[in-house]
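Readers should treat all values here as calculations from the given coordinates under stated rules, not as data from a laboratory. Quantities reported herein were computed from a predicted structural model and do not represent experimental measurements. Note: ideal-geometry Cβ built from the backbone for every residue, glycine included; neighbour counts use all protein chains shown.
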Amino acid sequence: MEVQGDEATIERVLTVNQPDGEFLDRGTTRAVLETDGWKLVMSDEAYEFYEGPA
């Protein structure tokens, strides 16, 4: 994790289980510091994956 002021980037590896097997999803997650603590910021790509295209 790298922190610069009120923003941080986190290198992550997720294990994803699918019906056709397991795979690793590597990426970077961004976080911002707000008054009540750190909040993760969902990327546009992740949002579309979970919610579908806008």
- Message: How big is the dipole moment of the chain about its Cα centre under a simple scheme where the beta carbon of each Lys and Arg is +1, that of each Asp and Glu is -1, and everything else is neutral? Debye, nearest 20, please.
- Response: 120 debye
- Message: Residue by residue through region 5-13, what is 3J(HN,Hα) from phi via Karplus (6.51 cos²θ - 1.76 cosθ + 1.60, θ = phi - 60°)? Round to whole Hz and write x for glycine and proline.
- Response: x, 9, 10, 9, 10, 10, 7, 9, 9
- Query: By how many nm would the segment from residue 6 to residue 51 grow when fully extended, if each residue of separation counts as 0.36 nm and the alpha-carbon distance is taken off?
  - Reply: 13.4 nm
- Message: Could you give me D for the chain, from Stokes-Einstein at 20 °C and 1.002 mPa s, where the hydrodynamic radius is the Kirkwood radius over C-alpha pairs? Units µm² s⁻¹, please.
- Response: 166 µm²/s
- Query: From the residues 40, 21, 3, which one has its Cα farthest along the dipole of region 2-51 in the positive direction, the dipole being from +1 and -1 charges on Cβ of Lys/Arg and Asp/Glu about the Cα centre?
  - Reply: 3
